[in-house]
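Here the structure comes first, spelled out in structure tokens, and everything after it is commentary.
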Amino acid sequence: MSPQFWRGLRRQGAVAAGLGILVWLALRPASAPEDRSDPQLSHAEWRALDNDVSVQIRRDEDQGPDEAEAAFEELRQILLAYERRWAVQGPDSPEYELARINRQLAAGEDTEIPPEMRPLFGSAARYASLSGGLFDVRIGRLLQLWGLAGSSASPGIPPDPAALALATAALLKPTVGGPQAPQLDFSAIARGDAVDQVLRHLRDSGFGHAQVRIGEHWGASGENGRAPWTAALPAVPPLPADWARLELQDGEMLGTRRWDERSFEHAGQRYHDLIDPRSGYPAQGFRSVSVVTDEGARAAAASTALFVAGPSAWTDAARALGIEQALVIEADGTVRATPALARRLRLTGDVQVQTTPGPALPALPSP
């Protein structure tokens, strides 16, 4: 990793002095439907962030269906604005802030990170550092080379190895801007952060009991009446649909990365968007990785880092990131989980989960 990258960006006046963060510029539905006959449960689904969105609200006795519908409409607008703000590419418009930053970086121009984007930049920097670079938002150029960048994804064939080598080498340099500078892509962390944002908005709006799913990222607030909020674990082949479910407690987030979210096959090989920043190629060894934490952005970043770490090093990555609850599905369908998560799973059928000794967790440094 290269702290010089941040220092160079700051020297350009890219971010207001005193920001105080080390910026490391360096699903589809799976849940069985809830009981729609419950008169206090409101539910809505739509598309945002290139994923299916599902929001369930358990209303208090004094809250009517119309209030929930108004909240859903607010959330649609919030996620639309969020999607545009964090889009990797987009028109020259104030709504497309990350696209502007990427254009300015590529042109070697000064840029500025808007205040509302700085918290996620800070989180990305922190998780990149803790993971030793396994999670890295600077892989935008690599994703573009693979044809797997955002909504403009156009996968086809593997890119030129020389181009990959050049883009990978750029991640090791402190270059701030210019044609070879890294491009930023927050898609690996943005969906988890969006779950945080939605739940926070609902709480601020008086809805303290809700469950949110954006793709394979889940979050829960409060309770679902007499029944717990539940989330489905990923049903990647050869596992059957709805093979395991997990009860989510108040404030818990479940983040999953899987090899078939955005991918293509060529010559019998699957290539996906979980790129290993060290090699420039899709990470190998897992079909999916799931993590439970108390923050959506952290769950998203950690599940990405563990996936990239692979079968031989995922427990080390979990330890570095302070993750106690994790589950991995290996390429051959073997399911492994840390004890803290394995004991919570509600399994169906004859799927076997092998327990892997949980990592001894260090105390995470303060943000």
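The values are calculated or read from the model by the stated rules, or taken from the named source; none is laboratory data. What you are looking at is a predicted structure, and each value in this text was computed from that prediction instead of being measured. Note that each Cβ is placed from the backbone with ideal geometry, even for glycine, and that neighbours are counted across all protein chains shown.
Within segment 138-150, can one find any residue that is outside any helix (DSSP H, G or I), surrounded by fewer than 20 Cβ atoms within 10 Å (Cβ to Cβ) and at pLDDT below 95?
Initial filter on segment 138-150 (outside any helix (DSSP H, G or I)): 138-139, 146-149.
Filter again for surrounded by fewer than 20 Cβ atoms within 10 Å (Cβ to Cβ), leaving 147.
This time we only want the ones that are at pLDDT below 95, so: 147.
The answer is yes; a qualifying residue exists.
Being more than 20 Å from Gly147 (Cα to Cα) and either part of a loop (DSSP other than H, G, I, E, B) or at pLDDT below 95 (or both) is the requirement here; does Leu120 meet it?
Working: more than 20 Å from Gly147 (Cα to Cα): yes; either part of a loop (DSSP other than H, G, I, E, B) or at pLDDT below 95 (or both): no.
No; evaluated as a whole, the condition is false for this residue.
Can you name every residue in segment 245-260 that is buried (at least 21 other Cβ atoms within 10 Å of the Cβ) and within 18 Å of Phe286 (Cα to Cα)?
Within segment 245-260, Leu254, Gly255, Thr256, Arg257, Arg258, Trp259 qualify.
Tell me, which strands (runs of 3 or more DSSP E) lie completely within segment 202-283 with 1 or more residues that are touching a helix residue (DSSP H, G or I) at 6+ places or on another chain (Cβ under 6 Å)? It would help to see each step written out before you state the result.
Details: elements: 210-214, 217-221, 229-232, 244-248, 253-258, 263-266, 269-272.
Here the list reads 210-214, 217-221, 253-258.
Tally up the residues in segment 197-226 that are surrounded by fewer than 23 Cβ atoms within 10 Å (Cβ to Cβ), touching a Gly at 6+ places or on another chain (Cβ under 6 Å) and not small (Gly, Ala, Ser), please.
Total meeting the criteria: 1.
Given the criteria under 29 Å from Ser42 (Cβ atoms) and among the aliphatic types (A, V, I, L, M), does Ala99 qualify?
On the way: under 29 Å from Ser42 (Cβ atoms): no; among the aliphatic types (A, V, I, L, M): yes.
Considered against the rule, which asks whether it is under 29 Å from Ser42 (Cβ atoms) and among the aliphatic types (A, V, I, L, M), Ala99 comes out as no.
Would you check if Trp6 is at pLDDT below 90 and either exposed (fewer than 13 other Cβ atoms within 10 Å of the Cβ) or in a helix (DSSP H, G or I) (or both)?
Values: at pLDDT below 90: yes; either exposed (fewer than 13 other Cβ atoms within 10 Å of the Cβ) or in a helix (DSSP H, G or I) (or both): yes.
Yes, satisfied.
May I ask you to list the residues in segment 212-237 that are over 16 Å from the mean Cα position of the chain (by Cα) and farther than 18 Å from Leu345 by Cβ?
Ser221, Gly222, Glu223, Asn224, Gly225, Arg226, Pro237 - these are the residues of segment 212-237 that are over 16 Å from the mean Cα position of the chain (by Cα) and farther than 18 Å from Leu345 by Cβ.
Looking only at residues in segment 351-367 that are modelled with pLDDT of 85 or more and not β-branched (Val, Ile, Thr), which one is nearest to Val289 (Cα to Cα)?
The extreme case among them is Gln354.
Which residue pairs have Cβ atoms under 6 Å apart, sit 6 or more places apart or on different chains, and have a first residue in segment 61-90 that is of a type in the set (S, T, N, Q) and a second that is crowded, with 20+ Cβ neighbours inside 10 Å?
Close Cβ pairs (under 6 Å, with a partner that is crowded, with 20+ Cβ neighbours inside 10 Å) amount to Gln89/Ala99.
Within segment 265-273, is there a residue that is in contact with a Pro (Cβ under 6 Å, 6 or more places away or on another chain) and surrounded by 20 or more Cβ atoms within 10 Å (Cβ to Cβ)?
Taking every residue of segment 265-273 in turn, at least one turns out to be in contact with a Pro (Cβ under 6 Å, 6 or more places away or on another chain) and surrounded by 20 or more Cβ atoms within 10 Å (Cβ to Cβ).
Condition (residue is modelled with pLDDT of 95 or more and under 30 Å from Gln183 (Cα atoms)) applied to segment 16-27: is it met by at least one residue?
Taking every residue of segment 16-27 in turn, none turns out to be modelled with pLDDT of 95 or more and under 30 Å from Gln183 (Cα atoms).
Among the residues of segment 215-257, write down those that are in contact with a His (Cβ under 8 Å, 6 or more places away or on another chain) and of a type in the set (D, E, K, R).
Within segment 215-257, Glu223 is the sole residue that qualifies.
Within segment 289-333, which residues are at positive phi and either in contact with an Asp or Glu (Cβ under 9 Å, 6 or more places away or on another chain) or crowded, with 24+ Cβ neighbours inside 10 Å (or both)?
Within segment 289-333, Gly310 is the sole residue that qualifies.
For (1) loosely packed, with under 14 Cβ neighbours inside 10 Å; (2) touching a Gly at 6+ places or on another chain (Cβ under 8 Å); (3) more than 23 Å from Asn51 (Cα to Cα), each residue gets a yes or a no:
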position: Pro65; (1), (2), (3): yes, no, yes
position: Ala68; (1), (2), (3): no, no, no
position: Ala71; (1), (2), (3): no, no, no
position: Arg84; (1), (2), (3): no, yes, no
position: Leu105; (1), (2), (3): no, yes, yes
